[in-house]
Structures are given as C-alpha cells and as structure tokens.
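Colleague: Handing you a structure now.
What follows is calculated from the coordinates using simple rules that are stated; it is not laboratory data. These numbers come from a predicted model, not from an experiment. For neighbour counting, all protein chains shown are included, and Cβ atoms are generated from backbone atoms with ideal geometry for every residue, glycine included.
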C-alpha cells in the first residue's frame, strides 16, 4: 500500500491551497498551484516581481476571482464572512487614508474589527510609529506609510496575517525589527504569510515557498533548501532550482524530438 | 448598523481635515443662489419659482460628485479592497457614506435655505423645515446615485464623466427649464422615472402651496425609495472578488 501524502501537514495547515488556477485578463497567472502554510510560523513567499505572489495572496484573502481549485484558511473556504474576523491582509501598496491621521486610520479599522483604542495604540507601537500618531498619512514618508498600513493589518489581532511585501523599501534596522515582531506574533500563536521579492529575507523565515511564473519551485525550511541545492544562500538556491528546472525541460524537449 | 456609523464617522473625519472642501460645500450654493437672485432682480416671481428648485438640485449634484470621487479614491488607494476583507458588510459601507454626506447635506441645506430666504428674499409659502428635509433627501439620493455610478467607473476620467451622464439628463427633464407637464409627449413620461423630478416637484409645491405637506411627503417617500434601491444596487455592483 502506498502511504498517503503527509495528511497531518495538510490538515494542520492554517492555509491550504489545492490546484489553484487564476487567470487575469488573458494571462494565466497561476496555472495549477498547491501549497500549505503551517500554523504558528512565519512562512516567506518569495519570488521575483510578476511571479504571482500578490495574486496568490489576494486569492487567500478572498478578493481574487479564481478559475478553479480550493483554498482553505483555518479550515474554512477562503473569503467566508467568518474568516474576515480572523484573517487580516496587508495590500502591496500602502492602503491608508491620506487625509486621516495615523491614529485615526488605525483606530477606524480597529473599531470595525471590534477592537479598542488601546489596541490601536499597541498596533502603532509595534510598527514604531507612536511619535507619528497624530500625523496625517499624506505627510508620511514612503516607509512610514507602509508601516502605518502594516499597523492597520495588526490592529484586528488576527489569527492569520497575510502580508504582501511589508518590508519593501525600509532601512535594514527597521526591517530587522519588523521581522522580529513577525516572530513575536508567531510565538503568540499567529500564522504569518509574508511575501517579498528580496531574496536575502529568506533566512528570516521559518519556512519558504519559492514562486516563479506561477509555479512553486520549492517549499522547504531555509536550511533544508540550502542543503537540497548545496548553495550558500537563497538567491543562489533560487538560481540553482531554475537551472535545474530549465535543464529538465530542455531534456524533455530533446527526448521528445528524438522520439519523433 | 454599528459599522455604518463607524464608517460615517471616518468619512466625516476625513472631511474635517479638508477645510477647503468643507468651505466649497457650504459656500458655493450660497454664491450660486446669490447670482440667481441678482439675475432675476427685476422679476422676483421667476426667482421664487426657480429658487426652491435650485435648493433641491444643488445637494444632489454636489453630493453625487463628492461621493463618486471619494469611492473612486477608496478603490484606487486599496482601502476598499482592504475593507472588503474586514467584517464590515458592503451595505454598511454604503450606508456609512449615505449617513455622512446626509449629515453634511443637513448643514448645507440649513445654510443655503437661510441665505436664500433671509438674504435673497426668496418667498416660500410652505414650511421651511420641510424644505430643508427635502434638500437632505436630495443629498442622500445624490450620494446613493454617486455610489452606484462609481461602481461602473474604472478611472477618474470616467467618474467625472458620470456627472453629465447621470445627472444632466435629469436636470434637463426635472421641470426646472420647462414644467414637466409642458414637455413633449414621451419626455413627460420619461421624467416620471427620474428621481430628480420628484425633488423639484416637492420644492415647487413648497414654493407655491401652503397646504401641500401631504404631496411633499409623498415626493419624499419616492426620493427615499429611489435612494434605497440605488444603494442596494450599488452594494450589488460592489464586487468583493475582482480580476
């Protein structure tokens, strides 16, 4: 008897995506994607721009029209009303109200999620913007704006955080402190899926999903990935996997031609 | 409903930080009303006929524009996509906007009516409070139509074009230029299906009759029905999942 796929992994997963197919316009962005995100960990979704990271994220939070496939979050179909209390989403471009203060913006989303003023202050503190609480969002720098947007994602105290490129454009010190905050949240029991196109952030994740042209190239721990590819860092591992795949495709084509 | 009030509070908070818009919302109707009074300085009877109708048209047009631009901004900034992943329902989002701009309209209507009656000498036979109420209903209708229209706009240019597309035909047929029963056959019947007609009907009744309260209340009910239908349609066209 063939032993089944590790079912415990699938059933325990906070997010389970199976055979997902998404078409935007005429382009097939995700041809047939399956991936599992374990609970209580920080999973990195890495890949170059245009690899389908944002589309996958939008599908997981239930705002992307999908062609076929299933997505389960915390055991429920993605986008069901109950999940809107338990999952929060950071859009890739900062989404806050230009003409409201940081405090008012975070408090607004907090109130919608039934959270208090103290929760809003806490979320603002976690992203290090306490000094800017009263500043209008339109007067913030790009980095501050994306942190304000991150505070909005935190204020609802969700069980699952789906963050689309939260650390892009931030200075190294801030990036380090945000990643350590992500791990704090995971230690408190939250599940995080964090996308990035910066490969050197890979080492900061508990688990990695490498995406290219809508396909999963690797789904492993950072250490496991390096071991498997025999490379020193994520960037090199990514290239090695691409080369391996291209070589396999070439070989298959050659075999096809020879057979004809 | 709690969410609707939270969103209304947020929309008003945004306005509070935008003094120029608040100024324009309150002052522009006064300037236009003043101009009208001046134009018809020698024929006060004409002003008495057109003035009240204008008090009904302003809030609808202004709130239509303000709302369609604000919702488009929510769409563009990604805040709408984000809100659609929160526990707030689409209906509560719509109702929040209607509440917020309805409140603004109340202030605008009190300003404009006071100015028209006490400064421009507009002669109104019916009850003033009823006139303010009709103006608020017009504003809510404008907001509802703006929310509906913005569901079809993909760019700022389209949103701006919806003003002439949605509102100007109603303006031409509402009885302000030519009384509705004097319009050519077909157009009179068409105007029966346009909400602005009832706003102007109500204002005309208030301008000319002292005991028209029941007629005005019927017009108000029709305006409210148009608003509710338009909000419901707007909530339907607001797609949670997009391509």
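Colleague: To test your reading of the geometry: what angle, between 0 and 90 degrees and rounded to tens, separates the Cα axis of helix B:195-208 from the longest principal axis of chain B?
Modeller: 30
Colleague: From a point 7 Å beyond the Cα of residue A:215 in the direction of its Cβ, which residues of the range A:34-61 have a backbone N at a distance under 13 Å?
Modeller: A:34
Colleague: Right, here's the next one. Could you tell me how far the Cα centroid of the range A:74-148 sits from the Cα centroid of the range B:117-187, in Å?
Modeller: 37
Colleague: Given the protein assembly as shown, what percent of its DSSP beta bridges are antiparallel, to the nearest 5?
Modeller: For the protein assembly as shown, the DSSP antiparallel bridge percentage is about 50.
Colleague: Label-point separation (nm) for residue B:229 and residue A:24, each offset 7 Å from Cα along Cα-to-Cβ?
Modeller: 3.7
Colleague: How many nm is it between the label spots at residue A:198 and residue B:208, if each spot is 7 Å from the Cα in line with the beta carbon?
Modeller: Distance between the two pseudo-spin positions: 7.1 nm.
Colleague: Same structure, new question: Multiply the residue gap between residue B:38 and residue B:221 by 0.36 nm, knock off their C-alpha separation, and tell me the result in nm, one decimal place.
Modeller: Between residue B:38 and residue B:221, full extension yields an extra 62.5 nm.
Colleague: Let me ask something additional. Calculate how steeply helix A:117-126 sits against the longest principal axis of the alpha-carbon atoms of chain A, using the helix alpha-carbon long axis, and give the answer as 0 to 90 degrees to the nearest 10.
Modeller: The angle comes out near 50 degrees.
Colleague: Which whole number gives the average, over all residues in B:81-93, of C-beta atoms from other chains lying within 10 Å of the residue C-beta?
Modeller: The shielding value for this peptide is 6.
Colleague: Follow-up question, since we're still on this one. What is the helix-to-structure angle for A:234-259, meaning the angle in degrees between its Cα long axis and the longest Cα principal axis of chain A, kept from 0 to 90 and rounded to the nearest 10?
Modeller: It is inclined by approximately 30 degrees.
Colleague: Let me ask something additional. Can you give the FRET efficiency for residue A:206 and residue B:161, using 1/(1 + (r/R0)^6), R0 = 51 Å, r = Cβ-Cβ distance, to the nearest 0.05?
Modeller: The computed FRET efficiency comes out at 0.50.
Colleague: For chain A, what does the relative contact order come out to in percent, with C-alpha contacts under 8 Å and a separation of six or more?
Modeller: Worked out over chain A, it gives 24 percent.
Colleague: Rank these for me by crowding, A:127, B:110, going from fewest to most other beta carbons within 10 Å.
Modeller: B:110, A:127
Colleague: DSSP beta bridges in chain A, what fraction antiparallel, as a percent rounded to 5?
Modeller: Approximately 55 percent, going by the DSSP bridge assignments.
Colleague: Let me ask something else. Between residue A:243 and residue A:231, how many nm apart are label points set 7 Å from Cα along the C-beta direction?
Modeller: Here the answer is 0.9 nm between the modelled labels.
Colleague: Is there a simple number for the mean count of other chain Cβ atoms within 10 Å of the Cβ of residues in A:91-97, and what is it?
Modeller: Mean inter-chain Cβ contacts per residue within 10 Å come to 5.
Colleague: Let me ask another. Applying 1/(1 + (r/R0)^6) with R0 = 56 Å to the Cβ-Cβ distance of residue B:19 and residue A:258, what FRET efficiency is obtained, to the nearest 0.05?
Modeller: E(calc), rounded to 0.05, equals 0.15.
Colleague: Neighbouring Cβ atoms within 10 Å as the yardstick, rank A:112, A:124 fewest first.
Modeller: A:112, A:124
Colleague: Then there's this: Which of these, A:152, A:216, A:173, has the largest mean-square fluctuation under a Gaussian network model of chain A (Cα springs below 10 Å)?
Modeller: Comparing A:152, A:216, A:173 in a Gaussian network model of chain A, the most mobile one is A:173.
Colleague: Next question, about the same structure. Using the 10 angstrom Cβ neighbour count as an exposure proxy, how do B:124, B:39 rank, fewest first?
Modeller: B:39, B:124
Colleague: Between the range B:1-48 and the range A:153-199, how many Å separate their Cα centres?
Modeller: The range B:1-48 and the range A:153-199 have Cα centres spaced 44 Å from each other.
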